[in-house]
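The numbers here are math on the coordinates, done by the rules we state, and not lab data. Since we're looking at a predicted model, the values are computed, not measured. Every residue, glycine as well, gets a Cβ built from its backbone with ideal geometry; the counts of neighbours run over all protein chains shown.
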Amino acid sequence: MADTVRNRRPSGPELPEPLERLVERVRSARERLEGIAHRTPVATSRTLDECAGARLFLKCENFQRMGAFKFRGAYNAVSRLSDDERRRGVLTYSSGNHAQAVALASRLLGAPVTIVMPINAPRVKRAATEGYGARVVPYDPDAERRSEVAARLMEAEPGLTLIPPYDHPHVLAGQGTATAELHEDAGDLDQIVVCCGGGGLLSGAPNATPDASPACRVIGVEPEMADDATRSFRTGRLHAVRNPPTLADGTRTPSLGPKWTFPIVFNLVDDMVTVSEEAICEAVRFLFYRMKLVVEPSGALGVAAVLSGAVETRGRVGVLISGGNVDGEVMAEILAGGR
């Protein structure tokens, strides 16, 4: 990175802790995840390079345990709980991938887990979460907020430990290990393009190995319908978009996290862009038909930004493919051109 903290106007939140500490958290997470998380492959495509006018390296977290990068942060966070905290149980809220990740991590570490999930969560994600042994508490996102549901559960069961989906230092440090691996496997990079929902994966990216590619620019991508992080990044004030009707269900988080992900995105990310629903679908189709990769809409945001021209790519570009958990019916409709 050319600068450690971006000097931009308007002013905004300060980093929650020094950059050096954030970097150390990622290093520690890498040690904890060694031999536990998969070191996912980096895929390339000449056709994609020709479309982008650059050399692209796709970090395929759709091949991660439970099918998404979320396992990294969930395991890093749950593994740091005391034995007593694990016995009392873990609580989180998520539309799907973080739910599955915490459920799997908790099962591996012997902790009972309760997940607050919206009633419109993808069926494949809810089924997998329950398959890992989690207790699922459904809620209507049009009628109440998931944080309020979780607060009621914690009041009724005071022993539960909450591990939120992204606004948590151990969660975002775990997510940063994906970018650290990408730097090592792809070599020097000029840009890294990262999908953004609550900002955990994006917040971990500039903290991963900032000395590996000092001039590397980190660019976040959101759907046009869920552009809260982009507006927050540009104004220095936290914006929210509640229940956006985007196909990219992993980005339906209302906002960045006020304590961790918003300040980190604002200070350390170089740019934010948005992409249309059609661009997302086109990226899913490209990845499936041309690269034989099953990628969920949220996970295809980076490729969507490249193919649509939302990001002006140059040189060597890393792209984080965040996950591959998509309902069969939704995938079939996208592939058929119905979305």
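If you wrap the range 9-84's Cα atoms in a convex hull and average its projection over all directions, what's the area in nm²?
Hull-based average projected area comes out at 8.9 nm².
Can you check what the net charge comes to around Glu148, using other residues whose Cβ is under 12 Å from the Cβ of Glu148 (Lys, Arg +1; Asp, Glu -1)?
0
For every other residue with a beta carbon closer than 11 angstrom to the beta carbon of Pro244, add +1 if it is Lys or Arg and -1 if Asp or Glu, then tell me the sum.
-4
For a quick check: with amide H placed at 1.01 Å from N, whose amide H comes under 5 Å from Val319's, ignoring anything fewer than 5 positions away on the same chain?
Phe57, Leu58, Lys59, Val193
So in the chain, what percent of DSSP beta bridges are antiparallel if you round to the nearest 5?
Looking only at bridges with both residues in the chain, the antiparallel portion is about 10 percent.
List the extent of the Cα atoms of the range 145-253 along each of their three principal axes, largest first, rounded to whole Å.
The Cα atoms of the range 145-253 stretch 50, 33, 26 Å along the principal axes, largest first.
Which lysines, on any chain, are close to Lys259 with Cα under 27 Å apart, when same-chain ones fewer than 8 places away are left out?
Hits, sequence-local ones excluded: Lys70.
Residue by residue through the range 249-256, which ³J(HN,Hα) values in whole Hz follow from phi under the Karplus form 6.51 cos²θ - 1.76 cosθ + 1.60 (θ = phi - 60°), with glycine and proline marked x?
Ordered by residue, 3J(HN,Hα) equals 4, x, 10, 7, 4, x, 6, 5 Hz.
List the residues whose amide H sits under 5 Å from the amide H of Val137, counting only those 5 or more places along or on another chain, with H placed 1.01 Å from N in the peptide plane.
Ile115, Val116, Met117
Taking the Cα centre of the chain as origin, work out the dipole magnitude from +1 charges on Lys and Arg Cβ and -1 charges on Asp and Glu Cβ, in debye rounded to 20.
400
How big is the shadow of the Cα convex hull of the range 92-196, averaged over all directions, in nm²?
Across all orientations, the range 92-196 yields a mean hull projection of 8.2 nm².
Using a Cα-Cα cut-off of under 13 Å, which aspartates and glutamates could be cross-linked to Lys59, ignoring same-chain neighbours fewer than 8 residues away?
The reachable aspartates and glutamates, counting only those whose Cα sits under 13 Å from Lys59, are Glu181, Glu184, Asp185.
Could you tell me the largest-minus-smallest coordinate of the C-alpha atoms of the chain on each of the three principal axes, in descending order and whole angstroms?
So the extents along the principal axes, rounded to whole Å, are 55, 47, 40.
How compact is the range 1-158 by the rule of thumb for globular proteins, expressed as Cα Rg over 2.2 N^0.38 Å?
1.26
Using the Cα centre of the range 22-144 as the reference point, and only Cβ charges (+1 on K/R, -1 on D/E), how large is the resulting charge dipole? Debye, rounded to the nearest 20.
About 380 debye.
What ranking, highest mean first, results for peptides 123-130, 78-85, 217-224 when packing means the other Cβ atoms within 10 Å averaged over each residue?
Highest mean packing first, the order is 217-224, 123-130, 78-85.
Which listed residue (Phe288, Gly309, Ser276) has the Cα farthest towards the positive end of the charge dipole for the range 274-323, taking +1 on Lys and Arg C-beta and -1 on Asp and Glu C-beta about the Cα centre?
Looking along the dipole axis, the top candidate is Phe288.
Put +1 on the Cβ of every Lys and Arg and -1 on every Asp and Glu Cβ in the chain; which of Ala52, Ala111, Val149 then has its Cα farthest towards the positive end of the dipole?
Ala111
Can you work out ³J(HN,Hα) from phi for every residue in the range 185-193, in order, using Karplus 6.51 cos²θ - 1.76 cosθ + 1.60 and θ = phi - 60°, giving whole Hz and x for Gly and Pro?
Each residue's phi maps through the Karplus curve to give 7, 9, x, 4, 10, 8, 9, 10, 10 Hz.
In whole Å and largest first, what semi-axes does the C-alpha gyration tensor of the range 200-339 yield when each eigenvalue is scaled by 5 and square-rooted?
So the equivalent ellipsoid measures 25, 19, 12 Å along its semi-axes.
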